[in-house]
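Rule-based calculations on the coordinates, nothing more; no lab input. The structure displayed is predicted, hence computed values, not measured ones. Every residue, glycine as well, gets a Cβ built from its backbone with ideal geometry; the counts of neighbours run over all protein chains shown.
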Amino acid sequence: MDEIAIGTVLLQLLVLFALAKAGGMLCERFGISSVIGEIAAGILVANTFLFGWLQMDLDMSLFEILAELGVIFLLFSVGLETPFSELRKVGRTAMLVAVLGVILPFFMGFTYILALGHGQIEALFIGAAMVATSVGITARVIKDLDLTRSIESRVIIGAAVIDDVLGMIVLAIVVGIAAGGASGILDIVLVSVTGVAFVVLVIFFGSIVIPKARVRANERRNGQADQDPVVCVKKRRFALSPLPLAIIVCLALSFAASYVGLAAIIGAFLAGMVFAEFRDRWPCHEDFHPINEFLVPFFFLFVGMSVIIASFVEVIVLAVVITVMAVFTKYIGCSLGSLKLGRGSANIIGVGMIPRGEVGIIVATIGLSMAVISPSMFSVVVFMSMATTIIAPFLLTWAFRRKYGECGPSGEPVERPGAIG
């Protein structure tokens, strides 16, 4: 950032944030999720004179960091409303949704690209890019609709976490195959085992060990209070307030997730779920709202700024075919995995798992850096990732309203889905 004056940085922040908020407010006025307006603002900046006028071409690192922090804190806030005790109720369904939502898109994407005459490695990368779900998009729409506590929302978020783990395993396998050699196979096994162990370990400590330890500590404290004589002077306790403690937990588990090769947002979501078990003692959900109001729009701005319209012209037909395939394979796989909840819920879950977002682009970027996919196929993946990201909020809002209609005065859906196994 040493090449850019602080005045230029402040102007960039001012214009981008104002455009994102204006786009979001405009969409909300017409009953559309503000996500669309924020992404549209990013597309506008990237494809007009604004990009050069704001000198965005000099250095994008600041906005990459802001975008990453935005999605991390967004997923932490979603996790705060999804304690482990509630997620366990949809655990088996979420697992089935995630597995079917990985197998079908990967198989169809790999087979189709191979049938077009492309190489096996390139086909593997395209298949891997079609696997993972960008939970940030769906999470924002769910929060905007105030339906975080519905069964469908918990299944979607739980399946997306499992989906990301499976997606990282698939990516590790593909990268290992592309790299070749025995060391690649060893790395595949190591990354797979480490990723699964990390998630299981956090869930185990967050849902079993820490709550039990808290109960025992409360029992000892209450027993000690009954035995001690009554005193008039209270001891002053020094402790962190909930917000800084929550930020520490969020950043710690986000770092741990990225350290073991997973997406940082997985750690952030798990951290929120851990903290949700203590929301009666350390409530911090409202404290995070101002932070998210500032940071989260930069994530969706950055998503929109990745869309360069001119680069899609040469491969538009193939890009559209791949996008349609990505939408229907994910929708069919995830809907089949949740059919026991009923057609309405299966429809919501299938749609909620559609967006690929930044995850698909990351996979394509790795393939491009390894020189195993062509620039044209990279553009196809970017188009697919962005198109699924843009259409998903429309489809998800429609699917929720089709089943629940308008929410009541309390913000809760009129129809109450029951618990499942």
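Things worth noting here:
- A protection proxy built from the mean count of other Cβ atoms within 10 Å ranks the segments 39-49, 123-133, most packed first, as 123-133, 39-49.
- Straightening the chain between Ile316 and His289 buys 5.8 nm, computed as 0.36 nm per residue apart minus the Cα-Cα spacing.
- Footprinting exposure proxy for Lys21, Lys340 (fewest neighbouring C-beta atoms within 10 Å first): Lys340, Lys21
- Flagged links, alpha-carbon separation over 22 Å, of Lys330/Lys403; Lys340/Lys403; Lys21/Lys330: Lys21/Lys330
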